[in-house]
Amino acid sequence: MAEKKSGDTAHLYDSKTVRSSAPSRKKLAGNAGIGTEIPKDAVPEIQIPSFVESLLGGPLVPKMKFLPPDKMVQNLQLAVYGILIALAFLTLIVSPGAGTVWYMLTGSIGVATTVQVVVIALATITGFYGTFRRDGRYLLISNVFFILAILRFASSKVALSFDPFGLADRPFLLSSLVVVYAVFLIMYIEIGNGVLRYSMLDTSIRTNEVYVMNPGKIVGKYHRALVLNPIISVVLATLVLSANTILPALVGVLSSNTAQRLEESVELTSVYGVALGTLFVFIVTGALFALNLPTHLQRYRETRDE
Amino acid sequence: MLGSLAVAMYLLGLTLRNSQLVTIAVVIFVILTWAALFGGHADVASSGRRSEEFTGEEGMALGNVSAMRKMSSARLFEDGELSVTLRMQNHSGLAKILEVRDRVPEVMRIKSGSNYILMELGPRRETFIEYTVECPLRGFYSLGPVAVRMQDAFGLFHREKELHVYNDFLVFPKMEDLKETFVKSRVPKIFTGAVNIRQPGPGSEFYSLREYFEGDSFRAINWSAYARSGKLMVNERERDAVSDVIILVDSRSVAETGPVSRNALVYSTRAAASLAKYFLGRRDSVGVIVYGDEVVSVDRDTGKKQLYVILTKLAGAVAKGNTPLQVVVNRILPHINKGSPIIVLSNLEDDPTIINALRDFRARDFDVTVLSPSSLEFEFDAKRLDRTGYEVLKTERDVLIGELRGLGVNIMDWEPDMLLSTALAGARGF
């Protein structure tokens, strides 16, 4: 420590003062109190995903270096806020306390309902905060809370917490409500991720890391997907879930009696009917993939102008 | 994640006969399937595999994308700029949204433009991506491959491909413009040049006066001296001649001690390039020996072509191995002319044979100049060496330098901020 004050190294070399490089640099470095270890700034920061993070597809970086959000990200944030409110409301409706994991644990409908409301509230709050701060950790917590809220550990048809419109008497509308709920859930997850993705892209654009050619077309495609995909999904999901209606209708062409028996079949109107419809649809889809239809379709689209 | 969630919900729903869970799972499945089939390009969605793993037609969407690259130059000097034009072509009838990243060596800096582009490439269209990179360090480099990525709008599925388009280029060490090196040969050669070799002969510099002999040119008579002495005296001039200059560059692994852009090897190669340019400009014959894990030599020669050969070797010098200087000396001693100037560029570290090797040179009357970029200074400046360690090592280094100076070696402890010309002048005692 003594040499730091005076710069005299005489005590080290039998009273011989050693002169070396320019004093300013030496003084600066000498006063820094450095050791022989590798300086911290020489080691790059590496984000290694934990086991849980690797399941989610990558590391959750706690502090993204996001610049202030651009207009598109702000619009996406507003969309998330809107969807979040709707989702919270729908979750509250379609997930009554009975049948939840809290009910299984406590056995009390009152406690279960309270916990359920708290979980939905937490999901909403963390979702708002995560979206506002553009922090993937809070969005992930929000997603997990929403999934916990919807998980039901009871054999049941669709049940509602409260039913101001009398949907319980109209099965089609009831299942449509669940479909709409599911679409909202997925769109919430998707647009929440979109906020992060487009924030990163916007940061990269502004730091000149990436150049976007004709951004209008690229963003336009995403906007179209945000509108079209939910609509198409609702229609397709409704078709898949209407197997118990469609199958009897198809069979009815051949035999009206069999069709009537099918309509009255308990199995077909229960969850197994939904499973049967799903199985049927996905067997068809799987067959399309097995026949390499996407590639043939792609080839047709790629070469049709030649 | 969504897929796993859907499967879990679906199975749980079936097990518990809970139609609500099954319904939600079905909706997730539908969205994923739709995105896979139609949301993006089919072959992006149909498989998570990389396209080069395909041998068939499955990689069609990216298979129809090609890239070509054009560079402004294949050779440039350190701190030079390289303009790159990447031409991306879409041969298919479909527009594609592509992320394109042209891989640039890590040490390069993007000066203008961008090597990472997100774009929509129309059907049967092409586009040009232009950017400029700054090349701060010498070496052999390669641009490429071009990484191309496509994904669906929601980013659920993506596909990547590397287009193996490579362009090699060479960055030469930058050179300092030297006016004088103070290095002269005492050995004449056949061809006259611009170097004084301290012997009388045809040249431009005054050497001495002598008496007039028959056959001497009248133009050489010094009339003032004649007036003083009463004898005809003529001016003798110092002989100009081509000399052999040998430059030894230390590229052992220890030469790279210090930051990437500031270490002994970087300084040595720049100095060697500058010296080679200077001596070749004087019509000297210059040879370079780079030693690291092996001894790489460029035979003595003159001219611009030789400079290019030397620069190429210096550009490719990699810090590797630990060949002692004595091995180099033993190998080259029989092949160099006695008395030739020898310039050694080394940080003088981790080589116990240095003293003996330079003693061998001096014993044979070679004019040895050592420029020693100090790795200690580089390490100390980068705060990787504490003060005490620095002082101890510095003392050891000073002792070694003193010992070499005692052998008659012209040596200079070359500190990082010192110009090459200053270091040379210091080495020669100016």
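The values are calculated or read from the model by the stated rules, or taken from the named source; none is laboratory data. From a predicted model like this one, the values you see are computed outputs, not experimental measurements. Here Cβ is always computed from backbone atoms with ideal geometry, including for glycine, and neighbour counts include all displayed protein chains. Surface accessibility is based on the protein's heavy atoms, side chains included, excluding ligands, DNA and RNA. Shrake-Rupley method; radii C 1.70, N 1.55, O 1.52, S 1.80 Å.
Which residue, chosen from B:Leu400, B:Leu424, B:Gly321, occupies the Cα position most advanced towards the positive end of the dipole of the range B:244-427, where the dipole is computed from +1 (Lys, Arg) and -1 (Asp, Glu) charges on Cβ about the Cα centre?
Highest projection toward the positive end goes to B:Leu424.
Placing unit charges on C-beta atoms (Lys and Arg positive, Asp and Glu negative, everything else neutral), compute the dipole magnitude of the range A:91-226 about its Cα centre in debye, rounded to 20.
For this selection, approximately 320 debye.
Whole number in Å², please: accessible area per residue of the range A:244-303, 1.4 Å probe, ligands, DNA and RNA not counted.
Result: 63 Å² per residue.
Pick from B:Arg228, B:Arg282, B:Arg262: which is most flexible by mean-square fluctuation in a GNM of chain B where alpha carbon atoms under 10 Å apart are linked?
B:Arg228
Would you compute, from DSSP H runs of 4+ residues alone, the mean residue ellipticity of chain B at 222 nm, taking -39500 (n - 2.57) per run and dividing by the full residue count, rounded to the nearest 500?
My calculation for chain B gives -9000 deg cm²/dmol from helical runs alone.
Compare the peptides A:245-256, A:191-202 by average per-residue count of other Cβ atoms within 10 angstrom and give them in order, highest first.
A:191-202, A:245-256
Using unit Cβ charges (K, R positive; D, E negative) and no other charged atoms, how large, in debye to the nearest 20, is the dipole of the range B:54-172 about its Cα centre?
Computed about the Cα centre, the dipole is about 200 debye.
Please give the average number of partner chain Cβ atoms lying within 10 Å of the Cβ of each residue in A:210-221, rounded to a whole number.
5
Order these peptides, A:171-177, B:381-387, by their mean beta-carbon neighbour count within 10 angstrom, highest first.
B:381-387, A:171-177
Per residue of B:375-388, how many C-beta atoms from partner chains lie within 10 Å of its own C-beta, taken as a mean?
Average per residue, whole number: 5.
So how far, in whole Å, is the C-alpha centre of the range B:355-384 from the one of the range B:261-296?
Going from one Cα centre to the other spans 14 Å.
Which of B:Gly287, B:Gly230, B:Gly303 moves the most in a Gaussian network model of chain B with Cα springs under 10 Å?
Of B:Gly287, B:Gly230, B:Gly303, the most mobile in the Gaussian network model is B:Gly230.
Considering only DSSP beta bridges whose two residues both sit in chain B, what percent are antiparallel, to the nearest 5?
Around 70 percent antiparallel, to the nearest 5.
Can you flag which of B:Lys304/B:Lys338; B:Lys179/B:Lys305; B:Lys277/B:Lys313 are past 18 Å Cα-Cα?
In this structure, B:Lys304/B:Lys338; B:Lys179/B:Lys305 exceed 18 Å between Cα atoms.
How far apart, in nanometres, would the label points at B:Lys338 and B:Leu11 be if each is projected 7 angstrom from Cα along the Cα-to-Cβ direction?
Calculated label separation equals 8.9 nm.
What is the mean number of Cβ atoms from other protein chains located within 10 Å of the Cβ atom of each residue in peptide B:9-18, rounded to a whole number?
Mean inter-chain Cβ contacts per residue within 10 Å come to 5.
What FRET efficiency would be calculated for the residue pair A:Ala168, A:His223, taking the C-beta separation as r and a Förster radius of 41 Å, to the nearest 0.05?
Efficiency computed from Cβ-Cβ geometry: 0.65.
Counting protein heavy atoms only and a 1.4 angstrom probe, how many square angstrom of accessible surface do chains A and B bury in total, to the nearest 100?
That pair of chains buries around 7400 Å² in total.
What per residue convex hull volume, in Å³, do the alpha-carbon atoms of the range B:54-172 yield?
It comes to 104 Å³ per residue, whole-number rounded.
If I build a Gaussian network model for chain B, linking alpha-carbon pairs within less than 10 angstrom, which residue out of B:Ser274, B:Ser208, B:Ser72 has the largest mean-square fluctuation?
B:Ser208
Take every Cα pair under 8 Å in the range B:54-172 that's 6+ residues apart, average their separations, divide by the length, and report that relative contact order as a whole percent.
Value for the range B:54-172: 30 percent.
Scanning chain B for GluC sites (Glu not before Pro) in DSSP loops with at most 12 other Cβ atoms within 10 Å, what's the longest stretch left with none?
B:295-430
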